[in-house]
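The values are calculated or read from the model by the stated rules, or taken from the named source; none is laboratory data. Bear in mind that the values here come from a model prediction, so they are computed numbers and not experimental data. Neighbour counts run over all protein chains shown; Cβ positions are idealised from the backbone, glycine included.
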Amino acid sequence: MRCARSAHRVSPAGSHCGRTRENVSKESVSKEMTSIDLYEAMSTLRAVRRQRPDPIPDDVLERVLEAAIWAPSGGNLQPWRVVVVKDPAKKQGLRDLYQPEWQTFSKGYAERLNHMSADEAAKQSRVIAAGDTLAENFDQSPVLLVFCFHPGLMAITDLKLDRPSVVGGGSVFPAVQNALLACRAEGLGCTITTLLCHREAEVKELLEIPAAWGTCAVVPIGYPVSGGHGPIKRRRVSEMAYLDEFGASYE
Ligand SMILES: Cc1cc2nc3c(=O)[nH]c(=O)nc-3n(C[C@H](O)[C@H](O)[C@H](O)COP(=O)(O)O)c2cc1C
């Protein structure tokens with residue numbers, strides 16, 4: 001990892017759709033911006049579920065949030081907000097909602113281990129154990145980022161199709177991913193979690209989220225207990241990409 005210094009701040013510039021906007025320049029952001037090769041960051045950004053409770057410095061957290069804001073969204077409407085939860089009582093409240101949801105999920109997941117090879121089952125058991133640790137200690141992460149979205153501000157081009165709509169999420173999850181990548185650059189562990197959507201009404205009440213807004217992800221972030229980041233396992237390009245027609249070999 002390399003560190004580059006930059007002492008400049010973003011400059012305010014006009015407004016758009018009634019909201020104040022700022023131009024984003026390469027001089028923007030931070031007192032002490034951390035950088036990492038982008039491909040290295042993406043290929044080692046694994047779910048880090050064991051996190052230390054040590055606080056995250058304000059400037060580090062601000063860079064993570066700024067990176068989220070750089071994400072694209074339909075019509076540049078940025079129809080999302082994030083509640084940065086640091087309050088111990090609120091984190092405990094989220095933990096009490098998350099833990100039983102994880103237990104239900106992991107029970108079903110554990111049942112699938114019987115159908116896996118011994119190697120794969122051993123790996124997935126470790127993932128479940130890390131998930132158990134996260135669920136039990138959800139409130140011990142120094143920060144929980146609760147991503148909220150406003151469906152009324154979204155360009156949802158697939159809303160009327162006869163299948164589950166996914167396009168709206170495309171105006172929020174790039175921001176979530178940018179935050180994850182910034183965490184990676186800052187040496188912070190993190191993971192997307194979505195199980196709390198099952199308890200959205202309670203989450204909204206706890207965090208006083210207005211009725212028109214939904215929640216789509218909660219990202220616990222904190223410095224990793226041990227190594228944290230490392231190589232990830234994904235399918236090969238040849239399995240995922242097709243040339244000119246669906247199913248046609250790309251290679
Ligand atoms: C949409 C989405 C929802 C997820 N929800 C959860 C969750 O609720 N709890 C959790 O521990 N991990 C969650 N994850 C993390 C995935 O389990 C993880 O990214 C995946 O298993 C790959 O692991 P890796 O990123 O460490 O390679 C979620 C990831 C995504 C993209």
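Here is a yes/no grid of residues against (1) part of a strand (DSSP E or B); (2) outside the structural domain of K233 (by TED's automatic domain parsing); (3) at pLDDT 95 or above; (4) under 23 Å from I192 (Cβ atoms):
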position	(1), (2), (3), (4)
S15	yes, yes, no, no
T20	yes, yes, no, no
S25	no, yes, no, no
S28	no, yes, no, no
A47	no, no, yes, yes
Of everything in segment 99-131 that's within 13 Å of the ligand (Cβ to nearest atom) and in contact with a Ser or Thr (Cβ under 7 Å, 6 or more places away or on another chain), which residue is nearest to T193 (Cα to Cα)?
-> G131
Could you tell me which numbered condition A71 fails, if it satisfies all but one of (1) of a type outside the set (D, E); (2) under 27 Å from E136 (Cα atoms); (3) under 13 Å from the mean Cα position of the chain (by Cα); (4) in a loop (DSSP other than H, G, I, E, B)?
-> (2)
Could you grab me the full set of residues in segment 65-124 that are modelled with pLDDT under 95 and aliphatic (A, V, I, L, M)?
-> A110, L113, M116, A118, A121, A122
From the list T193, T215, pick out the single residue that is under 15 Å from K91 (Cα atoms), polar (S, T, N, Q) and surrounded by 17 or more Cβ atoms within 10 Å (Cβ to Cβ).
-> T193
Select from segment 213-251 the residues that are touching a Leu at 6+ places or on another chain (Cβ under 6 Å), at pLDDT below 95 and under 30 Å from V64 (Cα atoms) and list them in ascending order.
-> none
State which residue is farthest from L153 (Cα to Cα) when the search covers only segment 202-223 and only residues that are within 16 Å of the ligand (Cβ to nearest atom) and among the small types (G, A, S).
-> G222
Using the structure shown, decide if R199 is surrounded by fewer than 20 Cβ atoms within 10 Å (Cβ to Cβ), of a type in the set (K, R) and near the ligand (Cβ under 10 Å from one of its atoms).
-> no
Could you list all residues from segment 155-173 that are aliphatic (A, V, I, L, M) and touching a strand residue (DSSP E or B) at 6+ places or on another chain (Cβ under 9 Å)?
-> V172
All helices (runs of 4 or more DSSP H) inside segment 137-251 with 1 or more residues being under 24 Å from D54 (Cα atoms) = 173-186, 200-207
